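Everything on this sheet refers to the single structure shown next.
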Amino acid sequence: MRAALVLACLVAAVNASAQGTKVPDAKAPTKQDSMKAPATKAPVTKAPAAKPPAVQAPAVMTPVIMRETFVYDPESRRDPFVSLLTSTELRPTVGDLRLTGILYDEAGRRSIATMRDMTTNELYRVTTGQIIGRMRVALIKRSVVIFSIEEFGFNRQDSLVLGDTTKTRAP
């Protein structure tokens with residue numbers, strides 16, 4: 001910035017001398033200078049017009065973009081920047097399970113259902129209130145297990161039916 005200011009002053013001085021105009025001195029007149037006898041003026045002769053030196057444009061600086069970066073130290077916690085839909089903590093889903101058996105208690109207190117995860121071949125034995133992945137077993141009936149699933153703040157219910165061999169289930 002300082003170099004550009006000095007360069008601009010130098011260019012102004014060269015242009016002024018080439019046009020024959022007087023460039024003001026950097027020294028301001030003092031009171032003593034005004035009391036001196038006026039000096040005789042010498043005739044002003046014009047110097048031959050010199051070509052001004054080539055003026056170089058100031059170097060263009062590229063802007064530096066500073067950006068925030070985030071580093072996450074998990075300390076046995078889930079990374080909040082990883083999508084929940086790809087996490088293995090959400091498995092199994094209702095579509096992955098097949099109901100293989102139910103031990104039904106007529107009183108409705110201690111019914112047990114057995115399910116198999118078709119993707120990992122893992123076996124689950126669940127009772128009412130137990131949580132599997134993001135599903136909670138809401139109710140076990142004679143041939144149906146009803147799940148309560150919370151997704152993104154909304155609750156919905158889905159069920160598995162004993163002997164259901166359909167590959168796809170309607171939501």
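Read the figures in this text as sums done on the coordinates, not as results from a lab. Bear in mind that the values here come from a model prediction, so they are computed numbers and not experimental data. Reconstructed Cβ throughout: ideal geometry from the backbone, glycine too, with neighbour counts over all protein chains shown.
Tally time: how many residues in segment 102-124 are small (Gly, Ala, Ser) and either on the phi > 0 side of the Ramachandran plot or touching a Phe, Trp or Tyr at 6+ places or on another chain (Cβ under 6 Å) (or both)?
Of the residues in that region, 2 qualify.
Here segment 127-165 is the region considered, the condition is being over 17 Å from Ile112 (Cα atoms) and among the charged types (D, E, K, R), and the residue that is farthest from the chain's Cα centre (by Cα) is Asp164.
Taking the residues in segment 122-152 that are touching a Leu at 6+ places or on another chain (Cβ under 6 Å) and of a type outside the set (A, V, I, L, M, F, W, C) as candidates, determine which candidate is surrounded by the most Cβ atoms within 10 Å (Cβ to Cβ).
Residues of segment 122-152 that are touching a Leu at 6+ places or on another chain (Cβ under 6 Å), as a first pass: 133-134, 143, 145-146.
With the extra rule that they be of a type outside the set (A, V, I, L, M, F, W, C), the set shrinks to 133-134, 143.
On the way: Gly133: 19, Arg134: 16, Ser143: 13.
Applying the filter and picking the extreme gives Gly133.
With respect to (1) assigned to a strand (DSSP E or B); (2) surrounded by 15 or more Cβ atoms within 10 Å (Cβ to Cβ), the lone exception for Asn155 is condition (2).
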